[in-house]
Amino acid sequence: MSLRQFEYALAVAEAGSVTAAAELLHVAQPSVSQQIRGLERELGVELFARTPTGLVPTVVGRAFLREAEVVVSAARRARATARAGADQLVGELVVAVQMGFGTRQLPGALGALRRRFPRLEVTVFEEPSSAELERLGRRGVLDLALMAACEQTPDDAHHLGDEEFVVVLGAGHPRLAADRVELRELEGEPWVRFDRDSALDGVLLEVLRNNDLAPTTAARVSQTATAVRWAAHGLGVTLVPASAVPHGHEHLVRPVFPAVSQPVIAVLRHAAGPAETALLELLRKETWSEPVGPAQSWVAPPSTANSAPAV
């Protein structure tokens, strides 16, 4: 097996067909077909099922592709490290962020990183599920992750600061007259909530339970910006990290009492390279909130995994 075969198999899985994968890879279609057939022949299994809508990974294929992704990511990092000069870095840096975290701080840090290393390509994605973040970390596909502390947080994790949560109210809501909102004053309010398996919905549900509030659901959304905008239009109230409030909605936001916050943890992959180390130092220089007052500091429940994320 070769690295090229791994890359071709991943491209076919992403594109859904040999033709589309060839275009993605900028190679001839027969070359992709030959590599996939050779790989399946060597492994003695069928990696893709041929369907009317294209190629779909089989059960065995999905398991193989998970490992192939780890190998390809490691190879990319190895190439980047080998090519890195004293003042230059090339290659790809993969960053995952728990949804709503670092919205204000990450752009500044990444901008500074880009100015320092203009040939470095950065891929950033928000992940709503803390369990999925841990899974990605264990697979070795992340270079750096920003997440909340959990009971299995790695010993070498770096505490950057705390993320304060705020309530977003609709325009004209009577509680906007106050400087802060007591959570119990929101009894009976409908809530704009998040996906059921998301970390943010876990925070909200725990806060409501701790304050004897019924989780009346007006709607569920997948993005913090959507939750804020829907709350602003009176669909319900919502609770989000302060840094995730979009510009133009600050006047509809109030701190809550008891205060709610989460520690923001940066977790680097094992044997971190110069790119992620540089990003960590830039993130440290950004302004992060201090722990909030007598806060209800919500900590993620223990993962069902056997070990902490080895990001």
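Every residue, every condition in (1) modelled with pLDDT under 90; (2) in a helix (DSSP H, G or I); (3) out of contact with any strand residue (DSSP E or B) (no Cβ under 8 Å at 6 or more places or on another chain); (4) within 30 Å of Leu110 (Cβ to Cβ), yes or no:
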residue: Ala22; (1), (2), (3), (4): yes, yes, yes, no
residue: Val56; (1), (2), (3), (4): no, no, no, no
residue: Val72; (1), (2), (3), (4): yes, yes, yes, yes
residue: Ala78; (1), (2), (3), (4): yes, yes, yes, yes
Pair list, Cβ < 6 Å and 6+ apart or interchain, from the range 93-115 residues that are charged (D, E, K, R) to residues that are not in a loop (DSSP other than H, G, I, E, B) = Arg104/Ser243
Here the qualifying pairs (Cβ atoms under 8 Å; residues six or more apart or on different chains; first in the range 262-279 and in contact (Cβ under 8 Å) with a residue 24 or more places away in the chain; second surrounded by fewer than 20 Cβ atoms within 10 Å (Cβ to Cβ) and among the polar types (S, T, N, Q)) come out as Gln262/Ser297; Pro263/Ser297; Ile265/Thr153; Val267/Thr153; Leu268/Thr277; Gly273/Thr81; Pro274/Thr81
Please specify each residue of the range 25-59 satisfying the condition of being of a type in the set (A, V, I, L, M) and surrounded by fewer than 15 Cβ atoms within 10 Å (Cβ to Cβ).
-> Ala28, Leu43, Val45, Ala49, Val56, Val59
Filter result (farther than 17 Å from His173 by Cα and under 25 Å from the mean Cα position of the chain (by Cα)) within the range 249-262 | Ala259, Val260, Ser261, Gln262
Answer yes or no: is there a residue in the range 270-286 that is surrounded by 17 or more Cβ atoms within 10 Å (Cβ to Cβ), outside the structural domain of Val94 (by TED's automatic domain parsing) and under 18 Å from the mean Cα position of the chain (by Cα).
-> no
Identify the residue in the range 127-144 that is small (Gly, Ala, Ser) and touching a helix residue (DSSP H, G or I) at 6+ places or on another chain (Cβ under 6 Å) and, among all such residues, is farthest from His159 (Cα to Cα).
-> Gly140
Could you tell me which numbered condition Phe64 fails, if it satisfies all but one of (1) exposed (fewer than 15 other Cβ atoms within 10 Å of the Cβ); (2) among the hydrophobic types (A, V, I, L, M, F, W, C); (3) assigned to a helix (DSSP H, G or I)?
-> (1)
Filtering the range 7-18 down to residues that are over 15 Å from Arg37 (Cβ atoms) and not small (Gly, Ala, Ser) yields Glu7, Leu10, Glu14
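The values are calculated or read from the model by the stated rules, or taken from the named source; none is laboratory data. Note that the structure is a prediction, hence the values are computed from the model and not measured. Every residue, glycine as well, gets a Cβ built from its backbone with ideal geometry; the counts of neighbours run over all protein chains shown.
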